[in-house]
Structure formats: structure tokens, C-alpha cells
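Colleague: A single structure is presented below for examination.
The values are calculated or read from the model by the stated rules, or taken from the named source; none is laboratory data. Keep in mind the model is a prediction, meaning the values are calculated, not measured. Backbone-built Cβ (ideal geometry, glycine too); neighbour counts: all protein chains shown.
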Amino acid sequence: MKTPPILVTGASTGIGNHLARYLAERGHTVFATVRKAQDMESLGQIERVIPLQMDVRDRQSVEAALLKVMETGLGLYGLVNNAGVGELGMFSTWTDEDLFDIFNVNVFGPHRVTNAFVRLIIEAHGRIVNIGSQGGMISSKYFGPYTMTKHALEAYTVALNDELRPYQVWVSIVQPGGIISNIGNNSFPGTLAHFERAEPPFRDEAQQVLAGFNQPDEPHPDEPESASNRKPSSPEIVSVAAYDALFSEKPKLRYLVGTHWEGNRVINALIQKLLDENDNPQHNYSRDELIELLDRHIEQRKTA
Ligand SMILES: NC(=O)c1ccc[n+]([C@@H]2O[C@H](COP(=O)([O-])OP(=O)(O)OC[C@H]3O[C@@H](n4cnc5c(N)ncnc54)[C@H](OP(=O)(O)O)[C@@H]3O)[C@@H](O)[C@H]2O)c1
């Protein structure tokens, strides 16, 4: 099939919505999963988009969606695990249940959906694309739980790819920086609640963060990007990477997407991590050995 069908979870807004439209415009049937009736209706108006109700936390709704896909008789070539949530807050304000909830959507969700659809994807020798985050490689205060889920999704992707390669299925992860979407609005009530419930000795710091929420957060177009002047990108860059992961002859395992400033931040953090790991009594490569190793890996990639 020239334009095989793809399922995208969390297609009501943001990245998932952009990707569903992007794929449909290129001739693919898109099973676009949403949770709300109004989103079923609006997506149903797009040519080649078949909206399906699915809450990735709910096994029954995942299985019902599988049945609907099977009823079409089209099979399934690609699955994009995009649905996700992104509440922030200091760890002391996260209960066990809160932590379970964010993992339930961002990690157990992709696992649940993949396990439901994997046989169809194997039949098609298809692709699975997980929408991770640069937060799957770096972490910082208040982003702890969210970045834990994205680190987990990164590990999940690597192991799943290893398991499915013998079945001619490739698995990739797209790791965006800041992307214009609804995630901030959708997560804001939860984020607010976390900072509001902070107790001493964290309360003063939480109050400062809450005061910051009242300040306008528009990026300064004339100033370069920085930690305090973030410049989120269009969801288009995620769709382009996901498209490559779905259809290129040799998909990459990881797709880092975002601004130059963000990429720089990730690469520096990874080098720092490498140096941390290298700083131990059992093995400690010298500078020359590290550079030789790096050169060897660069050569290996050229011939892979
Ligand atoms: N925006 C960014 O800066 C950014 C950066 C890196 C990674 N990401 C990742 O990109 C993905 C998409 O996020 P986005 O930025 O496009 O945010 P978004 O606009 O808030 O979209 C999130 C989507 O996930 C859906 N969703 C949430 N909980 C769900 C559940 N339990 N079951 C099924 N669907 C659920 C939402 O549906 P409802 O409308 O029904 O809530 C919505 O369709 C997420 O995995 C996010 O972590 C985003």
C-alpha cells in the first residue's frame, strides 16, 4: 500500500492534531484518537481522518479502538504514541497517586496501546513512533515527574526496538524541545495545585513561582533564546521527524528536534553525563582515549 494507515493518539490539539492533518494531507488514512465528543466531531470533518475514542489509561477503550480499526479491514502500518500530559511541581507536592497518574498516561499509555496494536503492525512490517521529549535526556527542578516519564519512554523505545527488529518493525522516539501546543494550558490547573499545596520549607519558593505565573511569558523576538527567553517551535518540526520515522527506508532511533539553543543544551548535558560516568575508579578514559572512541563511533555510523 502506497499510503498505509497510521494511528495517532491524542489528536485533539497540539502535536497530535498537527500530525494527524499532516498525514491525511499526504494521502494516509489516519485513525486519530481523542477523548471528547467535540473533538470526534471536528476531526471527523477532515478527509481521510477516522476519529476514535480512546483514553490511553483505560484498557477497554484501547481494545474498543482496536476492534474499530480491525473492522475497517485496512490493517495498521504505523502507531504514533503521542498522547501525554505535563504537570510540573516540586516533588514534595506529588503524592504516589499523582505520580502514578502521570506515568499512567505518558508511559503505561504507550505500553498499553502498543501491546494492543503490535500484531497488526508486525503484519504490516510497520513502524512505532513515540513522542518523547528533550526531558527524556535532561532534567531539572519542578520538571522531575514529567522528565521521569520521558526518560522511561526513551528506555522503552530502545528495548522495544530491539525486541521488534526481528519482526521487521522499527521503533523510534521523537524528542522535541518546546513546541507550541495546548500542553501548558491543559497542565496548568495541576501545576498550579502543586505549587499551591507546597508546605514549609518549600512554601516561600513555591509562592515565588506562583507570583511568576502572573507575569506575561511572551518570548522577546529581538533577544536570543535563553533559559528565560524560550522560543517554542511549530509542531511542524515534530510532524516532519515523525514522518521520517514512519516512512524513511532507514529510520533513526532518535530524532532530536527543536531550536539550536535547545539542541545545544541537550548535547552539553549528554557530554556532562558521559564525563560523570567516566569519572570513576574502575574505568576512566583519558582525554585522548575519549576522542579516539568518539572518532570510532562517528566512523561506525558512516558505514552502518
Ligand atoms: N508541547 C511541547 O513543548 C512538548 C515538548 C516535548 C514533548 N511533548 C510531548 O508531545 C506530546 C503531545 O503534547 P502536546 O504538546 O501536543 O500537548 P497537548 O496539546 O496538550 O496535547 C496532548 C494530547 O494528549 C491527549 N491526552 C491527554 N491525556 C490523555 C489520555 N489519558 N488518554 C488519551 N489522550 C490523552 C490530549 O487529549 P485531551 O484534549 O482530551 O486532553 C491531547 O490530545 C506529549 O506526549 C508531550 O509530552 C510536548
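Colleague: Which residues, counting only those in region 18-54, are within 21 Å of Thr114 (Cβ to Cβ) and either within 11 Å of the ligand (Cβ to nearest atom) or in contact with a helix residue (DSSP H, G or I) (Cβ under 6 Å, 6 or more places away or on another chain) (or both)?
Modeller: Correct list: Leu19, Ala20, Val30, Phe31, Ala32, Thr33, Val34, Arg35, Pro51, Leu52, Gln53, Met54.
Colleague: Which residues, counting only those in region 1-31, are under 19 Å from Asn186 (Cα atoms), among the small types (Gly, Ala, Ser) and not in a loop (DSSP other than H, G, I, E, B)?
Modeller: Those that are under 19 Å from Asn186 (Cα atoms), among the small types (Gly, Ala, Ser) and not in a loop (DSSP other than H, G, I, E, B): Gly14, Gly16.
Colleague: Would you please name the residue that is nearest to the ligand (Cβ to nearest atom), looking only at residues in region 166-190 that are surrounded by 15 or more Cβ atoms within 10 Å (Cβ to Cβ) and of a type in the set (Ser, Thr, Tyr)?
Modeller: Residue satisfying both the conditions and the ranking: Ser181.
Colleague: If you take the residues of region 111-145 that are in contact with a Ser or Thr (Cβ under 6 Å, 6 or more places away or on another chain) and small (Gly, Ala, Ser), which of them is farthest from Pro5 (Cα to Cα)?
Modeller: Ser139
Colleague: What pairs come out if I take residues in region 1-26 that are farther than 19 Å from Gln175 by Cβ and pair them with residues that are among the charged types (D, E, K, R) and more than 10 Å from the ligand (Cβ to nearest atom) whose C-beta lies under 6 Å away, six or more apart or interchain?
Modeller: Hits for this filter: Ala24/Arg48.
Colleague: Ok, one more. Does at least one position in region 92-109 carry a residue that is touching a residue at least 24 places away in the same chain (Cβ under 8 Å), more than 15 Å from the ligand (Cβ to nearest atom), on the phi > 0 side of the Ramachandran plot and not aromatic (Phe, Trp, Tyr)?
Modeller: So far as region 92-109 goes, no, none of its residues is touching a residue at least 24 places away in the same chain (Cβ under 8 Å), more than 15 Å from the ligand (Cβ to nearest atom), on the phi > 0 side of the Ramachandran plot and not aromatic (Phe, Trp, Tyr).
Colleague: If only one of Leu79, Leu66 is touching a helix residue (DSSP H, G or I) at 6+ places or on another chain (Cβ under 6 Å), modelled with pLDDT of 95 or more and outside any helix (DSSP H, G or I), which one is it?
Modeller: Result: Leu79 is the single residue among Leu79, Leu66 that is touching a helix residue (DSSP H, G or I) at 6+ places or on another chain (Cβ under 6 Å), modelled with pLDDT of 95 or more and outside any helix (DSSP H, G or I).
Colleague: Restricting the search to region 212-262, which residues are part of a helix (DSSP H, G or I) and touching an Asp or Glu at 6+ places or on another chain (Cβ under 6 Å)?
Modeller: Trp261
Colleague: Let me ask something else. From the residues in region 196-207 that are touching a residue at least 12 places away in the same chain (Cβ under 8 Å) and charged (D, E, K, R), which one is surrounded by the most Cβ atoms within 10 Å (Cβ to Cβ)?
Modeller: Arg197
Colleague: Here's a follow-up. Only one of these is surrounded by 14 or more Cβ atoms within 10 Å (Cβ to Cβ), away from the ligand (no atom under 11 Å from the Cβ) and within 26 Å of the chain's Cα centre (by Cα): Ala193, Ala241. Name it.
Modeller: It is Ala241.
Colleague: OK, next. So which pairs qualify, if the first residue must be in region 49-76 and over 15 Å from Ile121 (Cα atoms) and among the small types (Gly, Ala, Ser), the second must be in a helix (DSSP H, G or I) and at pLDDT 95 or above, the Cβ gap must be under 9 Å, and the two must be at least 6 apart or on different chains?
Modeller: none
Colleague: Out of Glu97, Glu163, I need the residue that is surrounded by fewer than 17 Cβ atoms within 10 Å (Cβ to Cβ), out of contact with any strand residue (DSSP E or B) (no Cβ under 8 Å at 6 or more places or on another chain) and under 22 Å from Lys252 (Cα atoms). Which one?
Modeller: None of the others qualify; the one that does is Glu163.
Colleague: From the list Leu253, Leu275, Leu293, exactly one residue is of a type in the set (A, V, I, L, M, F, W, C) and either surrounded by 14 or more Cβ atoms within 10 Å (Cβ to Cβ) or closer than 30 Å to Ala124 by Cβ (or both). Which is it?
Modeller: Leu253
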